[in-house]
Amino acid sequence: MKHGSVKLDTACIHAGQAPDKLFGGVSVPIFQSSTFAFEDAAQGAARFSGKDDGYKYTRIGNPTTSALECCIAELEEGFAGLATATGMAAISTVFMTFLGAGKHAVSTGSVYGPTRTLLEKEMSRFGVESTFVDTADLASIEKAIKSNTALIYVETPANPTLAITDIAAVSEIAKKAGVLLVVDNTFCSPVLQKPLKLGADIVLHSMTKFINGHSDVVAGMLVAKNAELRKQMHQVLCQTGGTIDPHQAWLVLRGVKTLALRVKAGQANAMRLAVELEKHPKIEWVKYPGLQSHPQYELAKKQMAGPGAMISFELKGGVKAGKTVMDSVGLSTLAVSLGGIESLIQHPASMTHASMGSEARSQAGISDGLVRLSVGCEDYEDIKADLWQALDKI
Ligand SMILES: *Cc1c(COP(=O)(O)O)cnc(C)c1O
């Protein structure tokens, strides 16, 4: 399938997935095999020398995994995909490939917690430096770039503040400085945002979230804009071993078929909910890229095909109110993670970001009463009734 030959909703269902050649199975078969037999010594040798691109060993490549890689690369309009065991395996592969002793990375300050820890606590042990800035502020990125900067790492919208970074503008900065631009597109999925088309070099996903969409798999994906970048990352992934399992890859292929449907349904619910939450007396403010009150409403409209299904809102009453709401919701599941077909709710100050301490949290824009809601595909009235009865308990 060539890029753009079909619409995105169609590509979600078909990209990378022709009926199987053996029996015509409409669903891509699960090649649950760790290794692949060679017909003879010459074929084995050709596979290892690269003259024959057939499969050898599942850590290096697998047909089910390849189908998923083709599918997501098509959706992101990139050159090629590289599937990984988790989102963090994708992120660590990027860092291991393009950073090293003496190299420097610039990253979004409120980036996904483990991404920041990986740079600050682990990559630093190998001589990698990192600077965290508010990437929504372009000047602060330019200021942070040094002669040894190798990559800019952007997460947009950021978690849980939903601050938006202008990918096209950052890509201009990256090009001028001769550094790579990597974008974590987990919150949007390719349905809402295509960073490679905006000038990024690599886009990555925690497929655990929207792409798989059923809260039953952990997986990651890297999509490179060209062959060389994919090859470099593949080489590192083969040695570090964060490969996806074929069965897991198949589950994601099944999930991605409904990606566009799910994202649009969750987004429609989120839009209605955000408008009504903004008027609720127990709510201080709502952050949602689809509201005109979002400080980067215009940028969101330009860069994203829709505002998405993630809402953050501030409760009047801080940590205590947050805990009350968490203990009172019934339909929305009290859980971290996001992008599932079910609504998931969490309170960063008492959960994911509790260990940061109040001061560091407020610097990162995470206030004590902030609630993050990943709006699912349940009936709108049910989601609202559940949340409203929980707000009544404050
Ligand atoms: C969850 C998440 C990750 C990490 O993915 P895992 O699949 O949990 O390893 C990275 N980035 C973002 C934005 C995430 O939400």
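In the set Thr64, Thr10, which member is farther than 23 Å from Met233 by Cβ, among the hydroxyl-bearing types (Ser, Thr, Tyr) and at pLDDT 95 or above?
Working: Thr64 fails: farther than 23 Å from Met233 by Cβ.
Testing whether each residue is farther than 23 Å from Met233 by Cβ, among the hydroxyl-bearing types (Ser, Thr, Tyr) and at pLDDT 95 or above leaves just Thr10.
Yes or no: Gln17 in contact (Cβ under 8 Å) with a residue 60 or more places away in the chain and of a type outside the set (A, V, I, L, M)?
Yes: the conditions hold for Gln17.
Among the residues of the range 246-254, is any within 13 Å of the ligand (Cβ to nearest atom) and of a type in the set (Phe, Trp, Tyr)?
No: zero hits.
Among (1) surrounded by fewer than 17 Cβ atoms within 10 Å (Cβ to Cβ); (2) outside the structural domain of Ala73 (by TED's automatic domain parsing), which single condition is Lys231 missing?
Condition not satisfied by Lys231: (2).
Six or more apart or on different chains, Cβ atoms under 8 Å: show the pairs whose first residue is in the range 55-70 and outside any helix (DSSP H, G or I) and whose second is of a type in the set (Lys, Arg).
So the pair list comes out as Tyr55/Arg47; Lys56/Arg47.
Which of the following residues is free of Cβ contacts under 8 Å to residues at least 24 places away in the same chain and more than 11 Å from the ligand (Cβ to nearest atom): Lys231, Lys194?
On the way: Lys194 fails: free of Cβ contacts under 8 Å to residues at least 24 places away in the same chain.
Checking each option against the conditions leaves just Lys231.
Within the set of pairs 6 or more residues apart or between chains, which connect a residue that is more than 19 Å from Gly317 (Cα to Cα) and in the same structural domain as Met351 (by TED's automatic domain parsing) inside the range 369-389 to a residue that is part of a strand (DSSP E or B) and not hydroxyl-bearing (Ser, Thr, Tyr) with Cβ atoms less than 7 Å apart?
Within 7 Å, the pairs are Ser374/Met310; Ser374/Leu344; Val375/Ile311.
Does the range 153-160 contain any residue that is away from the ligand (no atom under 16 Å from the Cβ), without any contact (Cβ under 8 Å) to a residue 60 or more places away in the chain, of a type outside the set (Lys, Arg) and not in a strand (DSSP E or B)?
no
The values are calculated or read from the model by the stated rules, or taken from the named source; none is laboratory data. Predicted model only: the values in this text are computed from it and were never measured. In this analysis, Cβ positions are derived from the backbone assuming ideal geometry, glycine residues included, and neighbour counts consider all displayed protein chains.
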